[in-house]
Amino acid sequence: MASCPLVSARTCVAALVLAAAVAGCGGQARNAAPSVTVVKADFQGSPAPLAALHAQANQLLGGGPAAFKARLRELHGYPVVVNMWASWCEPCQSEFPVYQRVAVLDGRRVAFIGIDAKDADSAASSFLRHFPVTYPSYTDPNGRIGAAIDAYSVYPQTFYFSPSGTMVYDKAGPYLSVPALEKDIRFYLHVN
């Protein structure tokens, strides 16, 4: 423990905890992507529709609402988590490391898709180089995909689709921990 002369141990601990908390605020999120070896091992034997998502890892896909809806139809029979994000969105940046980990933990049972909303492709590509994910994101510069699924103008936003393709929940705001995202996946999508 650091030295705290002339103050009580309780005051010293409180000061150190406060300093640690302040140091964590406003800082850059850190890449939490599992290694390629871990991802490959965890995704081995994935069902074909989920393996197709994994094959497009970290890609930005076009096609607008039609392409996005077609992908949801292809994933019929699987629970789907859709994360709407943007490179300029600070809460999205804080949340991405959580998605990097959970998409690998649950990627053989749950489909993950991103929507890069109201963003420039060059900025989004740069962001994904720093925070690679194991699933693709559809570009949505004009908000048309978001409008098709009744998204708010809040970033990030997460949508949960049942295996039948019905939206069962949407959450505005970031997930800041793996347990929080895992809890909602278990609760809303009934994934064990």
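The values are calculated or read from the model by the stated rules, or taken from the named source; none is laboratory data. Quick caveat: nothing in here was measured; it's all calculated off a predicted structure. Every residue, glycine as well, gets a Cβ built from its backbone with ideal geometry; the counts of neighbours run over all protein chains shown.
The table for this structure:
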item	result
In region 149-164, the residues that are modelled with pLDDT under 95 and in contact with a helix residue (DSSP H, G or I) (Cβ under 7 Å, 6 or more places away or on another chain)	TYR155
Candidate set from region 81-118 (those that are of a type in the set (A, V, I, L, M) and closer than 12 Å to PRO156 by Cα); member that is surrounded by the most Cβ atoms within 10 Å (Cβ to Cβ)	MET84
Hits in region 126-153 (condition: in contact (Cβ under 8 Å) with a residue 12 or more places away in the chain and among the hydroxyl-bearing types (Ser, Thr, Tyr))	SER126, THR134, TYR135, SER137, TYR138, THR139, TYR152
Matching residues in region 72-83 - criterion: being within 16 Å of ASP116 (Cα to Cα) and either among the acidic types (Asp, Glu) or touching a Leu at 6+ places or on another chain (Cβ under 8 Å) (or both)	VAL81
Lone unmet requirement of (1) among the hydroxyl-bearing types (Ser, Thr, Tyr); (2) more than 18 Å from GLU90 (Cβ to Cβ); (3) part of a loop (DSSP other than H, G, I, E, B); (4) under 15 Å from the mean Cα position of the chain (by Cα) for SER164	(4)
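For (1) within 16 Å of the chain's Cα centre (by Cα); (2) modelled with pLDDT of 95 or more; (3) part of a helix (DSSP H, G or I), each residue gets a yes or a no:
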position: ASP42; (1), (2), (3): no, no, yes
position: PRO49; (1), (2), (3): no, yes, yes
position: ALA52; (1), (2), (3): no, yes, yes
position: LYS69; (1), (2), (3): no, yes, yes
position: ARG73; (1), (2), (3): no, yes, yes
position: GLY77; (1), (2), (3): no, yes, no
position: VAL82; (1), (2), (3): yes, yes, no
position: GLU95; (1), (2), (3): yes, yes, yes
position: PHE112; (1), (2), (3): yes, yes, no
